[in-house]
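Colleague: Following this message is one structure expressed as structure tokens.
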């Protein structure tokens, strides 16, 4: 869409049933998560499907209801449903960065963003305790959580970072945009 609102292009594919989120890698490929078929579709800019991967489930390498995805420095595909998993550009499972196990809080992710310094930020929605998690992407470890007690998050979703160390998020439950310092 241009600044005046003119649509430049669009595409669809017969296999898409419930596209939920997308990302673009450094090669210009468009990655689209589809929850109805538990798959990641990879398209060229013009809409040509070049590959599709994924299967439904909760085991390592399988996909649940994907809420967010982004790409890593080597075009890895970082996918968030109730956990955060990393796949190669071709869809091979590499590792799980975060997963709630046992009787811990069950939540889902709403947004992912990998900043230029290698910090992976994720908005997480849990009953009565939504937050922003900050991970070391390379190590796969949780560094800290922004818990939002003073500015309660209700349904945090998409997010992006600023050059001066802030994270800006969409809070669907409060119908607003919020800004926090994370660095």
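Colleague: Shape call for segment 36-183 from the C-alpha gyration tensor, a ≥ b ≥ c root eigenvalues: rounded (a/c under 1.5), prolate (a/b greater than b/c) or oblate? Numbers along the way, then the final one.
Modeller: Details: a/c = 1.65, a/b = 1.43, b/c = 1.15.
Cα axes put segment 36-183 in the prolate bin.
Colleague: 7 Å from Cα along Cα→Cβ at both residue 147 and residue 58: what's the point-to-point distance in nm?
Modeller: Roughly 2.6 nm, to one decimal.
Colleague: Answer rounded, prolate or oblate for segment 1-70, using the Cα gyration tensor with square roots of eigenvalues a ≥ b ≥ c: rounded when a/c is under 1.5, else prolate when a/b is larger than b/c, else oblate.
Modeller: Numbers: a/c = 2.05, a/b = 1.99, b/c = 1.03.
Prolate is the answer for segment 1-70, as a/c is 1.5 or above and a/b outweighs b/c.
Colleague: What ranking do 87-99, 7-19 get when scored by the average of other Cβ atoms within 10 Å per residue, highest first?
Modeller: Numbers: 87-99: 15.3, 7-19: 10.5.
Per-residue Cβ counts within 10 Å, averaged per peptide and sorted highest first, yield 87-99, 7-19.
Colleague: In nm, to one decimal, how far is the residue 7 label point from the residue 181 one, both placed 7 Å along Cα→Cβ?
Modeller: 4.5
Colleague: Let a ≥ b ≥ c be the square roots of the eigenvalues of the Cα gyration tensor of segment 100-181; is it rounded (a/c under 1.5), or, if not, prolate (a/b larger than b/c) or oblate? Spell out each step's value before the answer.
Modeller: On the way: a/c = 1.93, a/b = 1.07, b/c = 1.81.
Cα axes put segment 100-181 in the oblate bin.
Read-outs throughout are calculated quantities, based only on the coordinates presented, and are distinct from any laboratory measurement. Quick caveat: nothing in here was measured; it's all calculated off a predicted structure. So basically every Cβ, Gly included, is an ideal-geometry build from the backbone, and we count neighbours across all protein chains shown.
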